[in-house]
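Asks: Have a look at this one.
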Amino acid sequence: MGIRGFTHIRRMIMKTPTLFPILLLTLAAPLFAQSTLPADPTVWPNKFSSRNSDPWLVENHSRIRKMQPRVLILNFANDVDMPAVQSHTEKLIKALAEATRYHGYENPIAPAFLQYQVLKYIDLRDNPIPQDQAHKSSSLFPRQSNPPKDFYCDYSVFYTDDFARHYGFRDPKNPARFLNLHELINAGIVHELWFHAIHGPDGWPGFEVIETKQYYDENCQPIPNTHGWAGNGHSDTMPWSGRTFRMAFFNPHRGIGCAMENFGHGLEGIANSNSIAYYRKYFNEYAELDFNTRYQLPFKSLYAIGGRADKVEYPSPTSMTISRQGKTYTINPYIALGGNVHFPPGGRHHYDLDSPFTVKSTIENYRRRNAPDGKDIALDFNRSKFTPYNDLAPDGMGPWVVFWRQCMPGLDNKSLDDSGKPMKNWWVFLFY
């Protein structure tokens, strides 16, 4: 590039300062991780590590005090403009940050651990928009050639050289081409991708959260050449780039609470996949996904509740009865732990945010071993615990999910693992 070209870029930067990071990425993507990232090893990404699944993350897990993953935002929704997508994204990032303030509900100075950074907003709507497509996803949305009836996204398209031009990051070794998603992931430029598309009569465009993940053993060491699915559902069309990668689909006509619910299911998906054995062990305990072993029930969790006659009741704050498929199961004594996305402690059915019951729960003291008998202190739990988040994430299970995540072992948590050592911060596992 000549002097005239650099002068032009300088004028652009002076007029639009926020353009500078994007220009750096576009002009020198492979150098980005080393040249523009902080040297502070307590913040990730940094000059020592900027890529998902880096061994550095395992080696420095306990040192990290803030994660600022970079996310690409794509909009395929013809009837949603870019300011609306930006507003939705900013509100979601705020809610995710709040939800990673360990015990933030009682500690006003608890720091937000997960602070997403938007790498780029990309408008992929039709231009012009055909009248008969005004309320649909654009023609650029990657559809399978013979799509199933429900989730019809062809995730492989996101990784192609042809689609790379939409991302707009030129290959500095060959300016005639653009870096594809495989390259952006492996260069540590992109850590996650979120897209907006229309959920209409033709079904779901994509899974709420889909992820391919490097697998780890109980000591959090990577298992060589072992990876698999770890999201809330999976598609064989999503390729493996050699590193953990996650995509999220958002219905732009739903709110922040719905998106938080999606990410909550993503956390359950990581545990269900057993991609990180250490995390699975403790998450399943916290989220009460182990009823079959804990209480010897013929089902793993309250997710098994489904029929019209199925219901859960709480005769006392320390007992629970489950009516399922014509049979009744009683657990007494029953002390709730952390619950899961669909069932807060005291929940009577799926999506129950209005339960009148007050139950005993250890969610706020999970594995703190702070009771006189060496167990966790059980406190009263009811819906008043999460209603303070009604404005932050008002729809779906949003308010509950924010509180639920704040109680998970995060930064500076006081929980102990089975060996009596401090529990690892669960949020780092997202980018293992």
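Asks: Taking a 27 Å limit on the Cα-Cα distance, which of the listed pairs LYS91/LYS281; LYS136/LYS311; LYS94/LYS281; LYS311/LYS421; LYS281/LYS375; LYS120/LYS173 fall beyond it?
Replies: Working: LYS91/LYS281 32 Å; LYS136/LYS311 38 Å; LYS94/LYS281 29 Å; LYS311/LYS421 38 Å; LYS281/LYS375 18 Å; LYS120/LYS173 22 Å.
Going by Cα-Cα distance, LYS91/LYS281; LYS136/LYS311; LYS94/LYS281; LYS311/LYS421 fall outside the 27 Å limit.
Asks: Expressed as a rounded percentage, what relative contact order does segment 37-280 have, with Cα pairs under 8 Å and six or more residues apart? Don't skip to the end; give the middle numbers.
Replies: Numbers: 466 pairs, mean separation 50.2, N = 244.
With pairs under 8 Å counted, the relative contact order is 21 percent.
Asks: Of (1) 32.5, 108; (2) 22.8, 79; (3) 21.1, 64, which one was derived for Rg and Dmax of the Cα atoms in Å from the structure shown?
Replies: (2)
Asks: Test of understanding: in a Gaussian network model of the chain with alpha carbons linked when under 10 Å, which of LEU37, LEU179, LEU72 would top the mean-square fluctuation ranking?
Replies: Between LEU37, LEU179, LEU72, it is LEU37 that shows the largest mean-square fluctuation.
Asks: Can I ask one more? Starting from the Kirkwood Rh over alpha-carbon pairs, what translational D in µm² s⁻¹ does segment 37-280 have by Stokes-Einstein at 25 °C and 0.890 mPa s?
Replies: 129
Asks: Over what distance in Å are the Cα centres of segment 60-96 and segment 132-191 separated?
Replies: So the separation of the two Cα centres works out to 18 Å.
Throughout, read-outs are computed from the coordinates displayed, never taken from laboratory work. Computed from a predicted structure; not experimentally measured.
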